[in-house]
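A.B. asks: Quick one: the structure is below, and I'll ask about it shortly.
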Amino acid sequence: MKKILLVAVMFLATSAAVNAQFVQIGVKAGANFANQTGGSDFNGISVDKEGITSYHAGLVAELKLLEKFSIQPELLYSTQGATYKNAISEFKNEMGYIAIPVMAKFYMTKSLSLELGPQASFLVSNKKEFDVADPKTFDFSLNAGLGLKVVGGLFVQARYGIGLTEISEEADFKNSVFQLSAGYMF
């Protein structure tokens, strides 16, 4: 009985150690340089758009499937939007999303990776300085970028996301964001 128990404990310990090599959990945060692409009018009013600087933060996991290939799902809070200007006034629209990117990571070296993947985002807040119809609550985008493992569990990332869905029924605008991130894998 003791031998069976000892073998079971050793099997579980070995299994946990092997799984720890394949799955890492971490946190990340960084800056968003967001804008909106598309048309130049909103409800028939001509506007110029300028980007806003905001932030993102959340959880990240990396599932190592092959030596040079991983899947990296993330759960982030991310703010995006733009500043609109017309001949009379300037107004800002900042939207907060729960973003779920799922990135395929291709390691070009031991520490440098190319990241590509889709992102589904769900609107949870809308700070707008003007009265318009509510934006759509779902945003879908494609992301591409680079990741670099610095030392230990520390990493940095640069990523560009281009929105594929319009943010509102009344405007031909889509989210666009460049992100710089730093994080730590435990």
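A.B. asks: Give the carbon-plus-sulfur fraction of the accessible surface of the range 42-186 in %, rounded to a whole number; probe 1.4 Å, heavy atoms of protein chains only. The partial results should precede the final answer.
C.D. replies: On the way: 4720 of 7220 Å².
With neighbouring chains kept in place, the figure for the range 42-186 is 65 percent.
A.B. asks: Kindly list the residues of the range 54-89 that lie in the label zone of LEU114, defined by a backbone N under 16 Å from the point 7 Å along the Cα-to-C-beta vector.
C.D. replies: So the set is 68-71.
A.B. asks: So which lysines pass the test for LYS49, namely a Cα distance under 22 Å, with those fewer than 8 places away in the same chain ruled out?
C.D. replies: LYS85, LYS92, LYS127, LYS128, LYS136, LYS174
A.B. asks: Semi-axes, largest first, in whole Å: what does sqrt of 5 times each Cα gyration tensor eigenvalue give for the range 98-186? Spell out each step's value before the answer.
C.D. replies: Values: eigenvalues 194, 36, 19 Å².
Semi-axis lengths for the range 98-186 are 31, 13, 10 Å.
A.B. asks: Continuing with the same structure: Pulled fully out, how much extra length does the chain show between GLU50 and LYS136, if you take 0.36 nm times their separation in residues and subtract their Cα-Cα distance?
C.D. replies: Working: separation 86, 0.36 × 86 = 30.96 nm, distance 2.06 nm.
So the chain would gain 28.9 nm between GLU50 and LYS136.
A.B. asks: Give me the distance in nm between label points sitting 7 Å out from Cα along the Cα-to-Cβ direction at VAL150 and ALA182, one decimal.
C.D. replies: Spacing of the two 7 Å Cα→Cβ label points: 0.5 nm.
A.B. asks: When ligands, DNA and RNA are left out and all protein chains stay put, how many square angstrom of accessible area per residue does the range 47-186 have with a 1.4 Å probe?
C.D. replies: Normalised by residue count, the accessible surface of the range 47-186 is 49 Å².
A.B. asks: Show log10 I(q)/I(0) for the range 52-119 at q = 0.12, 0.15, 0.18 Å⁻¹, two decimals, from a solvent-free Debye sum over equal Cα scatterers.
C.D. replies: -0.47, -0.62, -0.75
A.B. asks: SER54: net charge of surrounding residues, Cβ under 12 Å, Lys/Arg +1, Asp/Glu -1, itself excluded? Show your work: numbers first, answer last.
C.D. replies: On the way: positive: LYS92, LYS127; negative: GLU94.
Computed value for this residue: +1.
A.B. asks: Here is a follow-up. For LYS68, which lysines qualify as cross-link partners when the Cα separation must be under 30 Å and same-chain residues fewer than eight apart are set aside?
C.D. replies: LYS28, LYS105, LYS110, LYS149
A.B. asks: How big is the dipole moment of the range 93-156 about its Cα centre under a simple scheme where the beta carbon of each Lys and Arg is +1, that of each Asp and Glu is -1, and everything else is neutral? Debye, nearest 20, please. Before the final figure, lay out the partial values.
C.D. replies: Values: 6 positive and 6 negative charges, 88 e Å.
Once rounded to the nearest 20, the dipole reads 420 debye.
A.B. asks: Cβ neighbours within 10 Å, averaged per peptide: list 76-86, 163-173 in order, most packed at the top.
C.D. replies: On the way: 76-86: 20.9, 163-173: 17.0.
Final packing ranking: 76-86, 163-173.
The values are calculated or read from the model by the stated rules, or taken from the named source; none is laboratory data. Please read these numbers as outputs of a predicted model, since none were measured by experiment. Glycine also receives a Cβ, built like all others from the backbone with ideal geometry; neighbour counts cover every protein chain displayed. Remember, those area values only see protein heavy atoms, side chains included, never the ligands or the DNA or RNA. Shrake-Rupley method; radii C 1.70, N 1.55, O 1.52, S 1.80 Å.
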